[in-house]
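Trainee: Just dropping this structure here.
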Amino acid sequence: MEEQVALYDEHGLPCGSAPRSRMRAENLRHAATAVVVRDPAGRVYVHRRSATKDLYPGRRDFAAGGVVAAGEDPADAARRELAEELGVSGVALVDLGAGDYADGHTRVHAFCFTVTWDGLIRWQPEEVVHGEWMEPAALLVAVREEPEDFMPDTLALLGDWLADQVS
């Protein structure tokens, strides 16, 4: 059975569900998570998405995450995605708030978090092909020099947070 995705209305409230394929095909507004992983020194983990991702394949991202399943708590979805994508588990989520992002490819109500992790990063090969720890200042420079190489939703939702880490 195909994954059922939580749909959210313009007020940020659950309003139903749809199969993932329909959500993508019709660009339905759905819930997702975005989790910035930092090490104890404050560096940010940046990864490159695989070429097989259904949204923005091959782009760099400084947040792990994904869609919230129908009936799933967003914090539980964030923990699930962290474990699946990067092998990060057993960490305390720090809530950065929720925000909205929309473009011609996706419409999302995103629940944003950050975590501190000092363990090994283990990529899920279907999701991630490369990753590295970056100082926030270096990441901000990379984002400003090549914004098209990064996930646009992460930049829109967490770009100000990143800039605040440098100032």
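Trainee: For the stretch 1-99, compute the orientation-averaged projected area of the C-alpha convex hull (one quarter of its surface), in nm². List each step's numbers first, then the result.
Mentor: Numbers: hull surface 28.2 nm².
Result: 7.0 nm².
Trainee: Hey, if you put +1 on the Cβ of every Lys and Arg and -1 on every Asp and Glu Cβ in the stretch 4-166, which of V128, H30, V143 ends up farthest toward the positive end of that dipole?
Mentor: Working it through, the farthest residue towards the positive pole turns out to be V128.
Trainee: Can you tell me what share of the DSSP beta bridges in the stretch 4-166 is antiparallel? A percent to the nearest 5 is fine. Intermediate results must be reported in sequence, preceding the final value.
Mentor: Values: 26 of 37 bridges.
The antiparallel proportion sits near 70 percent.
Trainee: Helix 74-86 versus the longest principal axis of the chain: what angle, 0 to 90°, nearest 10, using Cα atoms?
Mentor: 60 degrees
Trainee: Using +1 on the beta carbon of Lys and Arg, -1 on that of Asp and Glu, and nothing else charged, what's the dipole of the chain about the Cα centre, debye to 20?
Mentor: Values: 16 positive and 29 negative charges, 44 e Å.
Charge dipole of the chain: 220 debye, to the nearest 20.
Trainee: Starting at the first residue of the stretch 131-141, write each ³J(HN,Hα) from the Karplus equation 6.51 cos²θ - 1.76 cosθ + 1.60 with θ = phi - 60°, in whole Hz, x for Gly and Pro.
Mentor: With the stated coefficients, the stretch 131-141 comes to x, 7, 7, 10, 5, x, 5, 5, 5, 4, 4 Hz.
Trainee: Starting from 0 in steps of 10 Å, tell me what percent of the Cα-Cα pairs of the stretch 4-166 lands in each bin.
Mentor: Pairs per bin, as whole percents: 11, 42, 38, 9, 0.
Trainee: If you wrap a convex hull around the alpha carbons of the stretch 27-83, what volume per residue comes out, as a whole number of Å³? Could the numbers behind the result be given before it?
Mentor: Numbers: hull volume 5.3 nm³, N = 57.
Hull volume over Cα atoms, normalised by residue count, gives 93 Å³.
Trainee: Taking the Cα atoms of the stretch 75-167, what is the range of coordinates along each of the three principal axes, in descending order and whole Å?
Mentor: 31, 28, 27
Trainee: Would you pull out the residues with amide H under 5 Å of H30's amide H, same chain only if 5 or more places away, H placed 1.01 Å from N?
Mentor: Counting only residues 5 or more places away or on other chains, the set is Y8, R107, V108, H109.
None of the figures in this text is laboratory data; all of them are computed from the coordinates on show. Just so we're clear, the structure is a prediction, and the values are computed from it rather than from any experiment. When we count neighbours, we look across all protein chains shown, and the Cβ atoms used for this are built from the backbone with ideal geometry, even at glycine.
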